[in-house]
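Have a look at the structure below before the remarks.
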Amino acid sequence: MAERKRHPRVAVDGLVVHGDKLVTVRRGHEPFRGLLALPGGFVELGEPVEDAVVREVREETGLETHVVRLVGVFSDPKRDPRGHVVSAAYVLEETGGRLRAGNDAAEVVLVDPDDVPPMAFDHREIVRRWRAA
């Protein structure tokens, strides 16, 4: 545990459009239980971030995807109440699978990307940055 306090953890967040809606998940666990979030999670040791975001999106939404581009790196030390977490956010294109909640997502919620509701972490800012590009 001491290592986590000394160094930031690395996470990924995925932006996937299904039809004309942004794929989000309702968080099933703390922090931010019940709030919408982009599908994502922590990068595993030895895993490239691009593989991690594809894996996390598949685990949480059932969708198969591939990375299109990096939206940005989000590193505010206060973005996650569990500690300093740096997240790389990617746009992904859906290539298959079936939309369903999985892993630690309570449900999948499709939202209008131009009218995003309150979200966990700094995910509204990630969406804003994606839409501005």
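Take Arg26 and tell me if it is part of a helix (DSSP H, G or I), surrounded by fewer than 21 Cβ atoms within 10 Å (Cβ to Cβ) and of a type in the set (Lys, Arg). Criteria not met by Arg26.
Against the criterion of being in a loop (DSSP other than H, G, I, E, B), exposed (fewer than 12 other Cβ atoms within 10 Å of the Cβ) and out of contact with any helix residue (DSSP H, G or I) (no Cβ under 6 Å at 6 or more places or on another chain), Asp76 does not qualify.
Against the conditions (1) hydrophobic (A, V, I, L, M, F, W, C); (2) in a loop (DSSP other than H, G, I, E, B); (3) farther than 22 Å from Asp20 by Cβ; (4) touching a strand residue (DSSP E or B) at 6+ places or on another chain (Cβ under 9 Å), Ala101 satisfies every one except (3).
Is there a residue in region 81-89 that is under 17 Å from Lys21 (Cα atoms), of a type outside the set (Ser, Thr, Tyr) and in contact with a Leu (Cβ under 7 Å, 6 or more places away or on another chain)? Outline the logic, then answer.
Our first condition is that a residue be under 17 Å from Lys21 (Cα atoms); within region 81-89, this holds for none.
No, region 81-89 contains no residue that is under 17 Å from Lys21 (Cα atoms), of a type outside the set (Ser, Thr, Tyr) and in contact with a Leu (Cβ under 7 Å, 6 or more places away or on another chain).
Read-outs throughout are calculated quantities, based only on the coordinates presented, and are distinct from any laboratory measurement. What you are looking at is a predicted structure, and each value in this text was computed from that prediction instead of being measured. Every residue, glycine among them, receives a Cβ derived from its backbone with ideal geometry; neighbour counts consider all protein chains shown.
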